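Below is one structure; the comments refer to it alone.
The values are calculated or read from the model by the stated rules, or taken from the named source; none is laboratory data. Computed from a predicted structure; not experimentally measured. Note that each Cβ is placed from the backbone with ideal geometry, even for glycine, and that neighbours are counted across all protein chains shown. These area figures cover heavy atoms from the full protein model, side chains too; ligands, DNA and RNA do not enter into them. Shrake-Rupley method; radii C 1.70, N 1.55, O 1.52, S 1.80 Å.
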Amino acid sequence: MANPPSSTPSSRKNLFRFIIVTVLALIVLAGITVLIVWLVIRPKQLVYTIEDGSVHGYDMKYNHVNASFNFLMKVQNPSRKVSVFYDSMQVTVLYDDEPIAFDIVEPFFLSHHNVTHLMLKPVARSAPLLASTARGLSAERSFGEMELTIKMKAKIRYKVGKWKSSKRNLWTTCSSVGLLFSSSKSFERIKCDTNS
Ligand SMILES: *[C@@H]1O[C@H](CO)[C@@H](O)[C@H](O)[C@H]1NC(C)=O
Ligand SMILES: *[C@@H]1O[C@H](CO)[C@@H](O)[C@H](O)[C@H]1NC(C)=O
């Protein structure tokens, strides 16, 4: 009586099938885990707004301008898991694309889901302007309001739990910041654009 053909090849086939299915399942599971972790800790974009602003000590002679600015800036971190180290932050105030005033913000830490307020005090000291730009600023002065752009360059690191990212640059632009020379009137809040 002949033995039935050994069952080994078919059970080996089943074993291979089982291993392949298991490996694929593990890969899919790992992918889903990574996706969920990423969705949970993903840094949400930091939100910058200028809440208040004023100018004083304004003077212009021979196309050179002096002025002291005050801006109250709110920085909001909407991420629930990601905190941010601000290692440095440079502030530049531009009038008609020409940089006129500068400030530096001390390093600070913004914890997750938290807000901080920064008092920026850029100063223009005999800042030179092109003749046409100076004419434009004088005209705005006579109307009682100037329109500025504020640009910020920050070096930041993200922190999730104990893990810290490497340094990266974060650029922020606040456009059409209207400042009234008579401080009695209200300031129109400005939302800024960030890109990292
Ligand atoms: C700006 O201030 C400097 C002193 O800090 C002064 O020498 C200069 O004349 C001033 N310029 C204007 C336009 O007022
Ligand atoms: C928010 O930040 C402030 C100042 O940095 C800190 O004192 C406060 O504990 C933080 N709040 C939360 C909920 O982390």
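Hey, with R₀ at 30 Å, roughly what FRET efficiency would ASN169 and MET119 work out to, going by the Cβ-Cβ distance, to 0.05?
0.85
What ratio of Cα Rg to 2.2 N^0.38 Å holds for the chain?
That ratio works out to 1.76.
Using just its DSSP H runs of length 4 or more, each adding -39500 (n - 2.57), the chain gives a mean residue ellipticity at 222 nm of -8500 deg cm²/dmol after division by all residues. Are any of the pairs LYS61/LYS191; LYS121/LYS162; LYS44/LYS164; LYS61/LYS153; LYS121/LYS164; LYS121/LYS159 more than 26 Å apart by Cα-Cα distance, and if so, which? From LYS61/LYS191; LYS121/LYS162; LYS44/LYS164; LYS61/LYS153; LYS121/LYS164; LYS121/LYS159, over 26 Å: LYS61/LYS191; LYS121/LYS162; LYS61/LYS153; LYS121/LYS164; LYS121/LYS159.
Note on LEU15 and HIS64: the extension gain reaches 9.3 nm, defined as 0.36 nm multiplied by sequence separation minus the Cα-Cα distance.
Can you find, among ALA154, TYR62, PRO99, the residue sitting farthest towards the positive end of the charge dipole of the chain, where Lys and Arg contribute +1 and Asp and Glu -1 at Cβ? After comparing all options, I get ALA154. Surface listing: SER132, SER54, SER142, SER165 arranged by accessible area from highest to lowest gives SER142, SER132, SER54, SER165, probe 1.4 Å.
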